[in-house]
1. List the residue pairs whose Cβ atoms are under 7 Å apart, where the first residue sits in region 367-384 and is on the phi > 0 side of the Ramachandran plot and among the small types (Gly, Ala, Ser), the second is exposed (fewer than 13 other Cβ atoms within 10 Å of the Cβ) and part of a loop (DSSP other than H, G, I, E, B), and the two are 6 or more positions apart or on different chains.
2. Do you know which residues across region 333-391 are of a type outside the set (A, V, I, L, M), over 14 Å from residue 91 (Cβ atoms) and not in a helix (DSSP H, G or I)?
3. Condition first: under 16 Å from residue 340 (Cβ atoms), of a type in the set (Ser, Thr, Tyr) and within 12 Å of the ligand (Cβ to nearest atom). Can you find one or more residues in region 52-61 that meet it?
4. Go through (1) polar (S, T, N, Q); (2) at positive phi; (3) buried (at least 24 other Cβ atoms within 10 Å of the Cβ) one by one and return the number of the condition residue 86 breaks.
5. Taking residue 129 as meeting all but one of (1) on the phi < 0 side of the Ramachandran plot; (2) more than 19 Å from the chain's Cα centre (by Cα), write down the number of the exception.
6. Answer yes or no as to whether residue 327 is among the charged types (D, E, K, R) and not in a helix (DSSP H, G or I).
7. Can you pull out the strands (runs of 3 or more DSSP E) entirely within region 121-205 that have at least 2 residues that are within 16 Å of the ligand (Cβ to nearest atom) and hydroxyl-bearing (Ser, Thr, Tyr)?
8. Taking only pairs six or more apart or across chains, which ones have beta-carbon atoms under 7 Å, a first residue in region 255-273 that is in contact (Cβ under 8 Å) with a residue 60 or more places away in the chain and closer than 16 Å to residue 12 by Cβ, and a second residue that is buried (at least 21 other Cβ atoms within 10 Å of the Cβ) and β-branched (Val, Ile, Thr)?
Amino acid sequence: MNKRKHQPIPYGRQDITEDDIKSVIDVLKSDFITQGPIVGSFEDSVAEYVDAKYAVASNSATSSLHLACLALNLGPEDILWTVPNTFVASANCALYCGAKVDFIDIDKSTYNIDIEQLKRRLKIAEKKKILPKILVTVAFAGQPCDQEIIRELTEKYEIKIIEDAAHAIGASRNGQKIGNCLWSDITIFSFHPVKIITTAEGGIGLTNDKKLRDKMELYRSHGITRDKNRMLQTNSPIWSYEQHVLGFNYRMPDLNAALGLSQLKRVDDYVQKRNFLAQQYNNQLSDLPLQLPFVRRENLSAFHLYVVLVDQNEANKSREELFNLLRDRGIGVNIHYMPVHLHPFYKDLGFKEGYCLNAEDYSQRVITLPLFPTMTSDEQKFVIEALRELL
Ligand SMILES: *Cc1c(COP(=O)(O)O)cnc(C)c1O
């Protein structure tokens, strides 16, 4: 096989169909292009799909994480906990609210939050009276966390739970869809093009609590209400609106919601295809010096990412060498994630190497292989053969 002949293979890629394009064009020809009726339909459809009561769409999952923290009253006196093996947005949302952030290490097999560490840290925090107000769990690569155990451990401290499920729409646990918020207060999905389904940019917050829904909506649009029943000043004229809190403009346009509505029809197909491709990788890479993804029996992962860890004792190459050689062949490998606490910005806040050993060891060894629903068997074979040759 000619090693350089292949078109570059990205690590992820959106799938846009003719139907998707038509849905967006229809909105362009309608009266609403910013937030209008399609956003409402999209919210209802996502809520129905995951079996949650309410959904609030926004212009990104980053905005939705911020809205979730605001709705849960996170403020300067408060602490938010999350994991280091995530995108920076899971932690930044705390800082937007003036709160402090701290990190709980990950489990070595699922790369999600480590339950034993969580238990230990809760005990210490209880003694020192530095318990968090919010815990943001991250369904890494699309695999749900042990949410019911996490709820049980944190309930007595009244810690609120946000599930950052940016990777995980379509995933389920014990047959129940992630996003149903049975064991959390709010769940967030991202619709960035590399994620499971896309709205170009976009995010959503799911909840079963009407008060949280109302607050996320209020903060999404400048803190302004037009609802006559909520007006604080009496005798307000019919055209008036009132600002009640300091909100933002985090609205999703109807154009984007139309794309999302159209894409949502294929979410189960995408997750199925991602699982099929992951299984192919599992079968073909099992004899190489790589730690392959582990999905708990009770979970269906959405497989947003397929990550392998290089076994540094057994492999004849370092992670760096392997990464560079794969990139040389046009294979869009990536690293998910450099631990959040080791970014220069977070180090300036006082975090140091050695703070979360599992996440740090993981990040030294991980490589994300290309995986997206339109990946052809040819493309996947090319990746597999390159790995077999190089290792
Ligand atoms: C992508 C991602 C986000 C942010 O999503 P945007 O829609 O790009 O703002 C947040 N958390 C995690 C874990 C992500 O992967």
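Every read-out reported here was derived from the displayed coordinates using simple, explicitly stated rules and does not represent laboratory data. A quick note: this is a predicted structure, and the numbers were derived from the prediction, not measured. Cβ sites come from the backbone with ideal geometry, for glycine too, and all protein chains shown count toward neighbours.
1. Within 7 Å, no pair qualifies.
2. 334, 336, 352, 353, 354, 368, 370, 372, 373, 374, 376
3. Step one: of region 52-61, the residues under 16 Å from residue 340 (Cβ atoms) are 61.
If we keep only those that are of a type in the set (Ser, Thr, Tyr) as well, we get none.
Checked against the condition, which is being under 16 Å from residue 340 (Cβ atoms), of a type in the set (Ser, Thr, Tyr) and within 12 Å of the ligand (Cβ to nearest atom), region 52-61 yields no hits at all.
4. If we test residue 86 against (1) polar (S, T, N, Q); (2) at positive phi; (3) buried (at least 24 other Cβ atoms within 10 Å of the Cβ), just (2) comes out false.
5. Every condition holds for residue 129 apart from (1).
6. On the way: among the charged types (D, E, K, R): yes; not in a helix (DSSP H, G or I): no.
Here the answer is no, as residue 327 does not meet what is asked.
7. On the way: elements: 134-138, 160-164, 186-190.
In region 121-205, 186-190 are the strands (runs of 3 or more DSSP E) which contain 2 or more residues that are within 16 Å of the ligand (Cβ to nearest atom) and hydroxyl-bearing (Ser, Thr, Tyr).
8. 263/197; 267/169; 267/196; 267/197; 270/196; 270/197; 271/196
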